[in-house]
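Only one structure is covered here, and it is reproduced in the block below.
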Amino acid sequence: MTIQWFPGHMTRARREIQEKLKLIDVVIELLDARLPLSSRNPMIDEILQGKPRMIVLNKADLADPAVTEKWVTYFKNKGILAFPVDAATGTRVQDIPAQAKVLFHDKIQKQISKGINPRAIRGLIVGIPNVGKSTLINKLAGKAIAATGDRPGVTKGQQWIKIGKEMELLDTPGILWPKFEDQEVGYRLAVTGAIKEQVIDIAEVAFYAVKYLTQYYWDTLQERFDLSKKPENFDTPDEVVEVMEEIGRKRGCIVSGGRVDLEKASGIILRELRAGKLGRISMEVPLSFML
Ligand code: GDP
């Protein structure tokens, strides 16, 4: 289910999150490890109003581990705790309650020293559609709880889910809108499947992906599709299209007259990339001046 985000939806989504913020101690901001900046809501700092938070880089199983480490450093240098997880398999998801405990260590100790029995730390998961919020909630809860829907404004009766003894989580995540204003961001989101292809032309999305892979992950691309030669200049559209055509020929996407069905080839490229068949690929790298 894709949301068409209009100003009214954004206002409502923002209001819903801010209502939930009153109930919680810590925000778990979920980003896609393959594109942490592009999968970040543009108004997140304003929306969170200084609430303590941690950044969780999800789908780390699909991202380039060396690049993910750079993102962890990038956020650390901004004073934000960040770490990778893989919500689908559950790898490192237990770092969330563990890190919440670290964040609230002083507060908890103070309560204990006053003889108060500290209550569980209350968390809220927020993020754009398809970043894995429901998958993460279910994994942390150890059972299927969150409906894998992404409609803002649909609030069920909220419940707390216990995550071990020291943390509880609101069962409904906060749904945020992605960045729209930058076309480059739109393509990156579309490559990962965060924006559905009905919105952007599939061949254009695949073109963007192939151009990027030619530039940064040529060996991987070449090996996966058994490609003959690297384009001399990935900035030349014709050369990128030639790579797409070769992929199409290798995968039997031929129409009458021997022409390559670029749309079909595009579908194959994007499906395999998203499924991790090309290996672990990040779509965004922090530049050295950002670190
Ligand atoms: P939500 O819209 O944020 O609630 O996202 P979902 O939980 O519905 O997840 C969107 C898609 O991403 C689903 O197909 C999930 O199976 C997939 N997904 C979620 N987490 C991970 C992960 O860590 N790794 C991989 N490979 N896929 C994931």
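Each Cα pair under 8 Å and six or more residues apart adds its separation to the average, and for the chain the resulting relative contact order is 22 percent. Taken over the chain, the convex hull of the Cα atoms encloses 143 Å³ per residue. Compute the FRET efficiency between Gln94 and Met43 as 1/(1 + (r/R0)^6), taking r as their Cβ-Cβ distance and R0 = 22 Å, and round to the nearest 0.05. Given R0 = 22 Å and the Cβ-Cβ separation, E is 0.15.
Using +1 at the C-beta of Lys and Arg and -1 at the C-beta of Asp and Glu, which of Ala265, Pro36, Ala87 has the Cα lying farthest in the positive direction of the dipole of the chain? Of the listed residues, the answer is Ala87. Above 18 Å, the calculated P(r) of the range 202-285 contains 35 percent of its Cα-Cα pairs. Between the range 164-208 and the range 81-117, what is the C-alpha centre distance in whole Å? Between the Cα centres of the range 164-208 and the range 81-117 lies a distance of 27 Å. Structure note, pairs Lys114/Lys165; Lys51/Lys211; Lys165/Lys196; Lys76/Lys133; Lys59/Lys162: Cα-Cα distances above 30 angstrom occur for Lys51/Lys211; Lys165/Lys196. Enumerate the residues in the range 213-250 having an amide nitrogen under 19 Å from the point lying 7 Å beyond the Cα of Ala275 toward its Cβ. Only 220-227, 247-250 fall inside the zone, counting backbone N under 19 Å. A Gaussian network model of the chain, with springs between Cα atoms under 10 Å, assigns the largest mean-square fluctuation among Asn41, Asn77, Asn117 to Asn117. What's the center-to-center distance, using Cα atoms, between the range 268-291 and the range 1-70 in Å? Computed from Cα coordinates, the inter-centre distance equals 19 Å.
Between the helical axis of 65-77 and the longest alpha-carbon principal axis of the chain there is an angle of about 40 degrees.
Mean-square fluctuations from a GNM of the chain, with a 10 angstrom spring cutoff on Cα atoms, peak among Leu227, Leu140, Leu21 at Leu227.
The gain in end-to-end length when the Val285 to Ile112 segment is fully stretched comes to 58.0 nm, 0.36 nm per residue minus the alpha carbon separation.
Quick note: the coordinates plus some simple rules give every number you see, no bench work behind them. Since we're looking at a predicted model, the values are computed, not measured. Glycine also receives a Cβ, built like all others from the backbone with ideal geometry; neighbour counts cover every protein chain displayed.
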